[in-house]
Amino acid sequence: MSDKSAKKRLMYLSGDDFYLYCYSILIILNVLGCVDGKYFRDYRKLAFLTDIINNSKVVYIILHSSGRKLNPKDCECLLDSYSSGLMRRSEILKLLFALEKKGYVSLNKGKAQEIDVSLKKENLPDEFLDNSVFEMESKNISDVSKKVRRLAALTLDTMLGKIYVENGVRTWG
């Protein structure tokens, strides 16, 4: 089976594809350098970032927005991304607890509602993160992190402001 067909199977029900979310979380943590004790601040940001890195159109909008008003279709696309992230927060937390139980991540209580996350890379199978199947997602999170500096360390509100609010999307919750 080819890498692309394996990925398509993962994405068949992408709205509820927990395998895809798990891979996305692991990729985000790895690319952002949140490995072996360096923590990604506030797991709630992962709910939004998993959606972003799996949608090249959203990545394109983020990379090419420059603080000016977006056209209505782009704004709607970002709003959909934001709404999906809001709905996904509790599922991401459940996945993180499962990943912690398997020894793939460590969780640390941060400030207020924050739970910080670090990848335990040594516990992943050899070459797991070098897989070309998720090359696009790795590139997407890398590109977004260049546009939104210090992505791993930002507060949730600051990240949402830089990605959504500055582009005309009202946020809540």
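Table for the structure above
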item	result
Which listed residue, of Glu100, Glu135, Glu76, Glu122, is under 16 Å from Ile25 (Cβ atoms) and not hydrophobic (A, V, I, L, M, F, W, C)	Glu100
The lone exception for Val117 - which of (1) free of Cβ contacts under 8 Å to residues at least 24 places away in the same chain; (2) under 16 Å from Ile25 (Cβ atoms); (3) of a type in the set (Val, Ile, Thr) it fails	(1)
Selection within segment 106-141 - loosely packed, with under 14 Cβ neighbours inside 10 Å and hydroxyl-bearing (Ser, Thr, Tyr)	Ser132
Condition check for Val105: of a type in the set (A, V, I, L, M) and within 30 Å of Arg68 (Cβ to Cβ)	no
Selection status of Val59, modelled with pLDDT of 95 or more and either farther than 18 Å from Tyr43 by Cβ or more than 14 Å from the chain's Cα centre (by Cα) (or both)	yes
Segment 96-114 residues that are free of Cβ contacts under 8 Å to residues at least 24 places away in the same chain, paired with ones that are surrounded by 12 or more Cβ atoms within 10 Å (Cβ to Cβ) and of a type in the set (Val, Ile, Thr) (beta carbon under 7 Å, 6 or more apart)	Lys109/Ile115
Lone unmet requirement of (1) over 27 Å from Val169 (Cα atoms); (2) crowded, with 20+ Cβ neighbours inside 10 Å; (3) within 14 Å of the chain's Cα centre (by Cα); (4) modelled with pLDDT of 95 or more for Tyr39	(3)
Pair list, Cβ under 9 Å, 6 or more apart: segment 36-47 residue more than 8 Å from Glu114 (Cβ to Cβ), other residue of a type in the set (Val, Ile, Thr) and assigned to a loop (DSSP other than H, G, I, E, B)	Lys45/Thr155
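The values are calculated or read from the model by the stated rules, or taken from the named source; none is laboratory data. Every value quoted in this text rests on a predicted model; they were computed, and no experiment measured them. Glycine also receives a Cβ, built like all others from the backbone with ideal geometry; neighbour counts cover every protein chain displayed.
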